[in-house]
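Q: Would you mind keeping the following structure in view while I ask a few things?
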Amino acid sequence: MTKKVESYEYQAEIKKVLDVVIHSIYTNKDIFIRELISNAADALEKFRHISLVEKDFIDEDLPLEIKIELNEKSKTFTISDTGVGMTKEELIENLGTVAHSGSKEFIEKLAEQKNNEAKLIGQFGLGFYSAFMVSNKVRVFTRSYKKGSKGYIWTSDGISNYSISEEEGIARGTKIVVELKKDHEKYSEEFSVKGIIEEYSNFVSSPIFIDDKRINTVQAIWVKNKNEVKQKEYDEFYKFLTNSHSEPFYHLHTSSDAPIQMKTILFFPKENMEIFGFNRMEPGMNLYCNKVLIESKVKEILPDYLRFIKGVVDSEDLPLNISRETLQDSLIISKIRKFLTKRVISFLIDMAKKDEQKYLDFWKTFASFIKEGINSDFENREKLAKLLRFETSKTKADEKTSLEEYLKRAKEEQKEIYFLNGKNRQEIENSPYLESFIASDIEVIYLYEAIDDFTMSALSEYDKKKLVSADKSDIKIDKKDDDKKDDKDSKENYEKLIKWMEKLFDKDLEKVVLSDRLVNSPAIIVNPDDTMTQNMQKILKDAKGGMFPAGKKILEINPKHSLIKKLLVLVDNKKEEKLLTQITEQIYDNALFNAGMDLDKSRMVNRMNDILEYAINSK
């Protein structure tokens, strides 16, 4: 039997709060279902804890569950729980005056920051009122768990007032009946509501039923101890999370209490769709609070270069806004990001040590992301460098090595790590830049990708050893005393030729020098000290449509090569000046070609024909 109905007028300030909640907070109306489920789950958790301590409560046999009833005919959405319920006083405090949510403080803040209501309201736990976005009227049937408690009905349209009446026959817990507005009638349809629950509330620990059918069947395995979770469970959860048909490559299940409380599962997929020219991967991390989804595909949880990782972060420490669509405190997310980034890198380092071959399979797929991280993440650059793998002059074509392994093989006196870029292994091994390193048994890292030069430049050094491109001009390789004496003699002998060549190439070269690195080639083009590599300049020039100023180069000539020795003779022969010029220009063009730089091909071909004609006629 229904008792007397008592009506309560909302205060002006509370009307303002409700107006903001209803019209300003949520961009996605679906969220109201998540909010009501979250409140119901909280009520059940509170009762679960109370029942362990207190023994004096009503309806002991009621199962702890959430039920949703949908009625398309009456256009209603009803949700009920068997949790703690509310007394009349709690109804007024929690739903009537919004005092429980700090309405006074909210109003004060609102006065200070007009036009910023949606941001402010997130500080004041008002999720229940999101139901008014989609309803004409909301009725709340509730009864406290306490012995001797009475049942009540709270009713409001969210505009002017609310009423409370005593009601017989109400069981422990809370039931909310939402009478839907005409343009929101889809929330009385099972298909729509089921999809929303599966997206936002699938991992709520209490069972959720829609018209007596269990909806949330997937367990929130991230809150379990990792020793309790089987590999098959991880695989199935990954497939559910990503809609993938394959298992993950790795998974990382971790928890932390400091610097922030959180439970996390990260999955490393087997596929990298960016390799195949598909669009850039979207972030794959979902953010939860107590197993309720706050936001999916959160880009702030991990740095962009780890966007391929999929997973879940669940933290009770999150200060959320009421819509749970944005986060109040970026500092919290920053702490999560910092912790997880370091954890991911350490995990991959451990996996590489545990099973190098499996890690190399991962590297083959996701190498570009690690290199991207070295270019962008200064704080973690040194540790990321431990994940790099390369072919080198001392590995086979199908083998990879780390920088750490490179240094273990290096001679004790070697102070630098050398690398060289080319289109493929064959091109690099035929490069004149490699000659002196092979002759001196110094290992050189082979780089094949455009990003590699930028990665080496960003990294700069590893284990206090400077990373140096083999096309730099200031490379010095120790020689025997006899070779040093020969160099001194050569410098004096070739002084005239060098001056002549510098005059010939005055517009293109900074200078001409004798090379102490060449073995079989007559000449090479090198960069002046402390400038970017030849390959990097070429990439930037192509990217800027040929407008990138590459600057003058240095031409190194090999005094022991027969062609250079012949030039030394020709430079004193005035009658052969044309031949001297043509051969010198051809040597220069050959050096440009080996460096991958632009040259006038038609002019080069005509010159070669002239030289061939001269060679035939001289026989």
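The values are calculated or read from the model by the stated rules, or taken from the named source; none is laboratory data. Keep in mind that what you see is a predicted model, and the values were worked out from it rather than measured. Positions of Cβ are generated from backbone atoms using ideal geometry, with glycine treated the same way; all protein chains shown enter the neighbour counts.
Q: Name the pairs: first residue in region 267-288 and over 15 Å from residue 244 (Cα atoms), second residue in a helix (DSSP H, G or I), Cβ to Cβ under 7 Å, at least 6 apart or on different chains?
A: 280/274
Q: Exactly one of (1) within 25 Å of residue 342 (Cα to Cα); (2) without any contact (Cβ under 8 Å) to a residue 24 or more places away in the chain is unmet by residue 407. Its number?
A: (2)
Q: Among the residues of region 414-425 satisfying the criterion of being surrounded by fewer than 15 Cβ atoms within 10 Å (Cβ to Cβ) and more than 14 Å from residue 466 (Cβ to Cβ), which is modelled with the lowest pLDDT?
A: Per the criteria, the residue is 423.
Q: Moving on to the next point. Looking at 374, 336, 370, 332, which is the one that is surrounded by 20 or more Cβ atoms within 10 Å (Cβ to Cβ) and at pLDDT below 95?
A: Details: 374 fails: at pLDDT below 95; 370 fails: at pLDDT below 95; 332 fails: surrounded by 20 or more Cβ atoms within 10 Å (Cβ to Cβ).
It is 336.
Q: Inside region 35-50, can you point out the residues that are surrounded by fewer than 16 Cβ atoms within 10 Å (Cβ to Cβ) and in contact (Cβ under 8 Å) with a residue 12 or more places away in the chain? Working first, answer last.
A: Step one: filter region 35-50 for residues surrounded by fewer than 16 Cβ atoms within 10 Å (Cβ to Cβ), giving 46, 48-50.
Within region 35-50, 46, 48, 50 meet the criteria.
Q: Please verify whether residue 588 is in a helix (DSSP H, G or I), of a type outside the set (A, V, I, L, M, F, W, C), touching a Phe, Trp or Tyr at 6+ places or on another chain (Cβ under 9 Å) and surrounded by 14 or more Cβ atoms within 10 Å (Cβ to Cβ), treating the condition exactly as stated. Walk me through how you get there before you give the answer.
A: Numbers: in a helix (DSSP H, G or I): yes; of a type outside the set (A, V, I, L, M, F, W, C): yes; touching a Phe, Trp or Tyr at 6+ places or on another chain (Cβ under 9 Å): yes; surrounded by 14 or more Cβ atoms within 10 Å (Cβ to Cβ): yes.
In short, yes.
Q: Quick check: anything in region 216-227 touching a helix residue (DSSP H, G or I) at 6+ places or on another chain (Cβ under 8 Å), surrounded by fewer than 16 Cβ atoms within 10 Å (Cβ to Cβ) and in a loop (DSSP other than H, G, I, E, B)?
A: Scanning region 216-227 turns up at least one residue that is touching a helix residue (DSSP H, G or I) at 6+ places or on another chain (Cβ under 8 Å), surrounded by fewer than 16 Cβ atoms within 10 Å (Cβ to Cβ) and in a loop (DSSP other than H, G, I, E, B).
Q: Sticking with this structure for a sec: Which condition does residue 391 not pass, out of (1) touching a residue at least 40 places away in the same chain (Cβ under 8 Å); (2) part of a loop (DSSP other than H, G, I, E, B), if it passes all the others?
A: Unmet condition: (2).
Q: Condition (residue is touching a strand residue (DSSP E or B) at 6+ places or on another chain (Cβ under 6 Å), assigned by TED's automatic domain parsing to the domain that holds residue 95 and either modelled with pLDDT of 90 or more or among the hydrophobic types (A, V, I, L, M, F, W, C) (or both)) applied to region 54-64: is it met by at least one residue?
A: Within region 54-64, the subset touching a strand residue (DSSP E or B) at 6+ places or on another chain (Cβ under 6 Å) is none.
Within region 54-64 (the criterion being touching a strand residue (DSSP E or B) at 6+ places or on another chain (Cβ under 6 Å), assigned by TED's automatic domain parsing to the domain that holds residue 95 and either modelled with pLDDT of 90 or more or among the hydrophobic types (A, V, I, L, M, F, W, C) (or both)), the answer is no, since none of the residues qualifies.
Q: Please go through region 334-368 and give me each residue that is under 16 Å from the mean Cα position of the chain (by Cα), assigned by TED's automatic domain parsing to the domain that holds residue 306 and β-branched (Val, Ile, Thr), ordered by number.
A: 336, 341, 344, 345
Q: Any residue in region 417-441 that's aromatic (Phe, Trp, Tyr): show its pairings with residues that are exposed (fewer than 15 other Cβ atoms within 10 Å of the Cβ) at Cβ separation under 9 Å, as long as the two are six or more apart or on different chains.
A: From region 417-441, the pairs are 437/477.
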